[in-house]
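The values are calculated or read from the model by the stated rules, or taken from the named source; none is laboratory data. These figures come from a predicted structure and were not determined experimentally. All Cβ positions, even for glycine, are placed from backbone atoms using ideal geometry, and neighbour counts span all protein chains on display. For the accessible areas, the whole protein counts, side chains as well, though only heavy atoms, and no ligand, DNA or RNA atoms are used. Shrake-Rupley method; radii C 1.70, N 1.55, O 1.52, S 1.80 Å.
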Amino acid sequence: MPNSMDNYHIEMRPYRIIGWAWLVFCLFGLTAALLSQLYWPALGCTFSSLFGLYMALGAGSFDIDSNGLTHRSSFGTWHIRWDEIANVEIGEMEGTLVLHGRNKRFILSSPGGWDGAVKEEAFAFVVKQLEARNIPPKPSRSAAYKIMKNTRVNH
């Protein structure tokens, strides 16, 4: 689907597929463990399956435009405006962007998991917005482990 200028919609389909696949894999393990009456491994498979479910439901999508960034998933909606961003971390290994505002944090998943049709254009747009505000990304080893903070949109 073509994007209008400065408006990008990014589905996180690869994350969703991996999450559902992990859930199914764990459910097969759970079934095998229960049929073998191995209850501790069954408990481990149950716990592990929750990670896949979280990944599948939390993947959602991102909308990036000239106003800011929005993330929508089964867990809710988060938003940050470009003018709220004061500094940016970028994951050294995977490229996750952590956009920091005043007592706010917005996580933009690594472009490696974005829809291929708009990945390059959308990432270039994000970089252009940060450069226009003189906000260079700083390398971070912990960017991929951070979560959103004070950016949830209440409807």
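Pairing each residue of the range 71-86 that is aliphatic (A, V, I, L, M) with any residue that is part of a strand (DSSP E or B) and open to solvent by 20 Å² or more (accessible area, probe 1.4 Å), provided the two are 6+ apart or on different chains, yields C-beta distances under 8 Å for 80/104; 85/100; 86/100.
Taking the range 25-74 as the search range and keeping residues that are open to solvent by 50 Å² or more (accessible area, probe 1.4 Å) and either touching a strand residue (DSSP E or B) at 6+ places or on another chain (Cβ under 9 Å) or of a type in the set (Val, Ile, Thr) (or both), which one is farthest from residue 97 (Cα to Cα)? The extreme case among them is 31.
Residues checked against (1) part of a helix (DSSP H, G or I); (2) of a type in the set (S, T, N, Q):
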residue	(1), (2)
29	yes, no
32	yes, no
45	yes, no
48	yes, yes
54	yes, no
57	yes, no
62	no, no
80	no, no
89	no, no
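Taking first residues from the range 20-49 that are modelled with pLDDT of 95 or more and partners that are assigned to a helix (DSSP H, G or I) and open to solvent by 90 Å² or more (accessible area, probe 1.4 Å), the Cβ contacts under 8 Å between residues at least 6 apart in sequence or on separate chains come to 22/51; 33/39; 48/22; 49/22. Among the candidates 107, 17, single out the residue that is of a type in the set (A, V, I, L, M, F, W, C) and either surrounded by fewer than 15 Cβ atoms within 10 Å (Cβ to Cβ) or free of Cβ contacts under 8 Å to residues at least 40 places away in the same chain (or both). Answer to the selection: 17.
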